[in-house]
């Protein structure tokens with residue numbers, strides 16, 4: 001089988017890791033990396049033995065697939081020519097800067113039959129994979145995703161940078177429509193929302209409380225699921241899962257559980273392996289563009305609720 005020809009467009013904080021992981025894959029040929037910042041593409045290309053480009057147009061004829069890790073406002077403009085020519089494309093989250101742009105990109109991908117994936121890496125976290133089979137009809141969910149102040153993604157609110165990971169996960173895990181929400185956000189260090197809290201009510205009756213911050217003194221990425229006779233805790237950063245269940249007994253309920261065995265792996269590597277297989281076979285990727293669009297729509301609702309509350 002011939003190697004899949006792949007390029008990475010945007011090799012900043014995240015895109016450089018796309019390049020690293022593709023360069024390690026025996027069934028992939030990393031044909032180039034693209035970055036508009038002077039010297040950046042050359043630096044990354046030198047590390048991973050590939051060619052450097054400053055314009056995405058220059059790699060169009062060289063690739064079967066690309067990943068797009070440029071600033072959010074450029075996602076659709078950069079991805080569209082590749083989707084149009086039928087290349088497989090993975091766009092980092094959020095899929096687009098607006099729902100209208102996301103819809104445009106999805107429509108062209110459907111018309112051309114192009115594989116279009118949304119880069120929601122947390123779906124590929126081994127801890128999520130281990131916990132998923134045990135999550136059934138949760139009634140209450142609490143999520144904390146806190147990070148220190150970054151040097152990246154300051155062009156978007158913390159909702160679209162961090163919270164959107166958890167919105168995507170909850171939509172997939174709960175499998176129910178969000179019927180109402182309350183949200184509050186605060187601009188602390190930037191003109192955009194730096195810390196946000198949202199409370200979601202799903203049609204199933206489940207309530208989810210999410211907090212996302214990029215101004216924390218420590219990094220925390222945890223979720224807790226409470227459901228009938230069970231408690232499930234996920235530590236995304238440590239890739240650890242704890243499960244406790246009540247067992248029938250006479251008198252006081254008996255509790256059984258502990259940590260699950262979670263084989264450690266790099267979520268981004270698993271995501272890119274999935275993308276490569278989707279690009280080769282034409283099957284839907286693990287996180288489709290439609291799922292990315294759903295997470296973007298919910299994030300937009302939360303942002304609008306915050307603005308209305310000001």
Test: residue in the range 16-34 that is under 19 Å from residue 91 (Cβ atoms), surrounded by fewer than 16 Cβ atoms within 10 Å (Cβ to Cβ) and in contact with a helix residue (DSSP H, G or I) (Cβ under 8 Å, 6 or more places away or on another chain): no
Could you list, in sequence order, the residues of the range 234-245 that are part of a strand (DSSP E or B) and out of contact with any strand residue (DSSP E or B) (no Cβ under 6 Å at 6 or more places or on another chain)? 240
Number of the condition not met by residue 274 [criteria: (1) surrounded by fewer than 18 Cβ atoms within 10 Å (Cβ to Cβ); (2) within 25 Å of residue 21 (Cβ to Cβ)]: (1)
Which listed residue is buried (at least 22 other Cβ atoms within 10 Å of the Cβ) and out of contact with any helix residue (DSSP H, G or I) (no Cβ under 9 Å at 6 or more places or on another chain), from 41, 96: 41
Out of the residues in the range 78-104 meeting the condition of being part of a helix (DSSP H, G or I) and in contact with a strand residue (DSSP E or B) (Cβ under 7 Å, 6 or more places away or on another chain), tell me which one is farthest from residue 36 (Cα to Cα). 83
Given the conditions (1) surrounded by fewer than 20 Cβ atoms within 10 Å (Cβ to Cβ); (2) assigned to a helix (DSSP H, G or I), report the number of the one that residue 169 does not fulfil. (1)
Does residue 156 count as surrounded by fewer than 22 Cβ atoms within 10 Å (Cβ to Cβ), in contact with a strand residue (DSSP E or B) (Cβ under 6 Å, 6 or more places away or on another chain) and either at pLDDT 95 or above or under 18 Å from residue 296 (Cβ atoms) (or both)? no
Would you confirm whether any residue within the range 36-56 is over 22 Å from residue 270 (Cβ atoms) and in contact (Cβ under 8 Å) with a residue 60 or more places away in the chain? no
Among the residues that make up the range 258-273, is at least one of them in a strand (DSSP E or B), over 17 Å from the mean Cα position of the chain (by Cα) and farther than 30 Å from residue 30 by Cα? yes
Where residues in the range 277-298 are out of contact with any strand residue (DSSP E or B) (no Cβ under 9 Å at 6 or more places or on another chain) and part of a helix (DSSP H, G or I), which of them is nearest to residue 17 (Cα to Cα)? 277
Test result for residue 267, under 24 Å from residue 67 (Cβ atoms) and either in contact (Cβ under 8 Å) with a residue 40 or more places away in the chain or assigned by TED's automatic domain parsing to the domain that holds residue 162 (or both): yes
Report yes if some residue within the range 105-116 is buried (at least 17 other Cβ atoms within 10 Å of the Cβ) and under 30 Å from residue 263 (Cβ atoms); otherwise report no. yes
For the range 6-22, indicate whether the set of residues that are in a loop (DSSP other than H, G, I, E, B) and over 20 Å from the mean Cα position of the chain (by Cα) is non-empty. no
Just one listed residue, out of 192, 221, 217, is in contact (Cβ under 8 Å) with a residue 24 or more places away in the chain and under 17 Å from the mean Cα position of the chain (by Cα), and it is 221
Considering only the range 44-93, state which residues are surrounded by fewer than 16 Cβ atoms within 10 Å (Cβ to Cβ) and modelled with pLDDT under 95. 73
Given (1) touching a helix residue (DSSP H, G or I) at 6+ places or on another chain (Cβ under 6 Å); (2) buried (at least 16 other Cβ atoms within 10 Å of the Cβ), number of the condition residue 265 does not satisfy: (2)
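The values are calculated or read from the model by the stated rules, or taken from the named source; none is laboratory data. Being a predicted model, the structure only gives us computed values, none of them experimental. Please note: Cβ atoms are built from the backbone with ideal geometry, for glycine as well, and neighbour counts cover all protein chains shown.
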